[in-house]
Amino acid sequence: MICSNVEHIRAVIRETALRCGRGPQDIELVAVSKRMPADAVDAAYQCGQTVFGENYLQDAEEKIRQCDPSVRWHFIGHLQSNKARTAAELFQMVETVDRLKIARALDKYAGRCSRKLDVLVQVNVGREPQKSGVLPEKARTLLREMQALPNLRVRGLMTMPPYGRAPDASRPWFRALRILSEELARDNLFYAKEKVALSMGMSGDFTVAIEEGATLVRVGTAIFGKRPA
Ligand SMILES: *Cc1c(COP(=O)(O)O)cnc(C)c1O
């Protein structure tokens, strides 16, 4: 089941990309395995899925040790400073940097294990008080300050838009993130100006996200099924 789901999502990504004139290889599928057992990760890995997203650090720590060492892990949850060390050690990318304090902590611990850590800055495009993410107008300052951190590579932006029942409700938010990324890229605030990452879109709206420029889509339920409570 997991395997055919992965294949199906890959096919949809491919069709969507081609339909809007993009290269399917420019869109990476992040399989969100939060609250799913290591077995589920293995099943997806067996059919070629190599990148997985986790929200809960404790959960992830155990899973990462159990899974194949060539699996790549993205942290997509809210990160506290006291967990920055574990995140910097275990994850290939942290998608949810939204304040300088956490950026500094990740930089410090990445440095201690002599690695460069890929990160995204999470933007709260919908300005929802309950959500993490830097406000759009504060993103530039944060990115400027992060330039001073030698062990972080700021690859792009990530967002979780306000919940909408229809996939198309997310479109304006995705578009806003892309426009913001273009403005910031003009000011040379990303590690690689020509290849700015945009992580947006989940099971319900990833095709809309691809149409609006996503380079990473985070899909959980549509691959693994409903998560245990
Ligand atoms: C859970 C989660 C997802 C995946 O959501 P689905 O609707 O299950 O695809 C994507 N991104 C983040 C940040 C999440 O927490």
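The values are calculated or read from the model by the stated rules, or taken from the named source; none is laboratory data. Quantities reported herein were computed from a predicted structural model and do not represent experimental measurements. Glycine gets a Cβ as well: all are built from the backbone with ideal geometry, and neighbour counts include every protein chain shown. All accessible areas refer to the heavy atoms of the entire protein, side chains included, with ligands and DNA or RNA removed. Shrake-Rupley method; radii C 1.70, N 1.55, O 1.52, S 1.80 Å.
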Apply the Karplus parameterisation 6.51 cos²θ - 1.76 cosθ + 1.60, with θ equal to phi minus 60°, to every residue of the stretch 121-129 and state each ³J(HN,Hα) to the nearest whole Hz, in sequence, with x for glycine and proline.
9, 7, 10, 8, 4, x, 6, 8, x
For the chain, report the convex hull volume of the alpha-carbon atoms normalised per residue, in Å³, without decimals.
122
I'd like the carbon and sulfur percentage of the solvent accessible area for the chain, probe radius 1.4 Å, heavy atoms only, ligands and nucleic acids excluded.
49
Taking C-beta distances below 4.7 angstrom as the pairing criterion, name the unpartnered cysteines of the chain, in sequence order.
Cys20, Cys67, Cys113
Using a Cα-Cα cut-off of under 17 Å, which aspartates and glutamates could be cross-linked to Lys101, ignoring same-chain neighbours fewer than 8 residues away?
Asp118, Glu145
For the chain: relative contact order, % (alpha-carbon pairs under 8 angstrom, 6 or more apart)
20
Can you tally the net charge around Ser203? Count Lys and Arg as +1, Asp and Glu as -1, for every other residue whose Cβ sits under 13 Å from the Cβ of Ser203.
+3
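Rounding to the nearest 20 debye, state how big the charge dipole of the chain is about its Cα centre with +1 on each Lys and Arg Cβ and -1 on each Asp and Glu Cβ.
Dipole size: approximately 560 debye.
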Among Ala17, Ala43, Ile2, which residue has its Cα furthest toward the positive end of the charge dipole of the stretch 1-104, with +1 on Lys/Arg Cβ and -1 on Asp/Glu Cβ?
Ala17
In order through the stretch 216-224: 3J(HN,Hα) via Karplus (6.51 cos²θ - 1.76 cosθ + 1.60), integer Hz, x for Gly, Pro:
10, 10, 10, 10, x, 3, 5, 9, 9
Within the stretch 116-192, report the trypsin sites (Lys or Arg not before Pro) that DSSP leaves as loop and that have at most 14 other Cβ atoms within 10 Å.
Lys116, Arg127, Arg165
In what order, largest first, do Ser70, Ser81 sit by accessible area if the probe radius is 1.4 Å?
Ser70, Ser81
Only helices at least 24 Å long along their own axis, judged from Cα atoms, and with Kyte-Doolittle mean hydropathy of 0.0 or greater: name those in the chain from DSSP H.
2-19
Whose amide H sits under 5 Å from the amide H of Ala197, counting only residues 5 or more places off or on another chain, with H placed in the peptide plane?
Gly156, Leu157
Solvent-accessible area per residue, Å², over the stretch 104-229 with all protein chains present [probe radius 1.4 Å]:
48
Hey, what D do you get for the stretch 124-229 in µm²/s if you plug the Kirkwood alpha-carbon radius into Stokes-Einstein at 25 °C and 0.890 mPa s?
168
Taking a straight Cα-to-Cα line shorter than 27 Å from Lys108, and setting aside same-chain lysines fewer than 8 residues away, one finds Lys34, Lys63, Lys83, Lys116, Lys131, Lys138, Lys193, Lys195
Relative contact order, percent, the stretch 135-214 [alpha-carbon distance under 8 Å, six or more residues apart]:
36
